[in-house]
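Here the structure comes first, spelled out in structure tokens, and everything after it is commentary.
Coordinate-derived values only; no laboratory data. Keep in mind that what you see is a predicted model, and the values were worked out from it rather than measured.
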Amino acid sequence: MTEFIELHKAGSPTNPDLYWLDIKPYRIAELFFEKHQVKVSNQLVKRVLKTLGYAYRKRTKQLATGSYARRDGQFNIIWSIILLMNLKNSAWRRLLSTS
């Protein structure tokens with residue numbers, strides 16, 4: 001079952017020790033039965049998830065909720081850095097191709 005759970009896990013980009021599932025335990029039990037033809041109870045799934053340190057977390061789409069006066073400036077800085085990196089990479093490629 002742990003291999004099955006690993007396929008459906010998600011994690012925090014800022015905390016490598018924080019994982020969760022976006023599938024409820026009853027659905028995990030159903031999917032496990034469909035794949036392996038072995039019935040497991042919701043309670044067993046919950047215990048396994050708790051033992052492994054997982055929790056259920058609903059999928060959400062985060063939208064910008066506020067505004068920032070210098071938002072455009074931030075994007076200008078980002079695009080400038082991207083442009084500089086691309087120019088630097090193309091200059092290195094030209095230099096290496098002539099060697």
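Just how many pairs of Lys in the chain have C-alpha atoms closer than 16 Å, counting pairs that are eight or more places apart or on different chains?
Summing the qualifying lysine pairs gives 9.
What is the helix-to-structure angle for 25-36, meaning the angle in degrees between its Cα long axis and the longest Cα principal axis of the chain, kept from 0 to 90 and rounded to the nearest 10?
It is inclined by approximately 90 degrees.
Based on the alpha-carbon gyration tensor of the chain, what equivalent-ellipsoid semi-axes (square roots of 5 times the eigenvalues) come out, in whole Å, largest first? Mind dumping the intermediate values first?
Numbers: eigenvalues 414, 98, 24 Å².
Equivalent ellipsoid of the chain: 45, 22, 11 Å, largest first.
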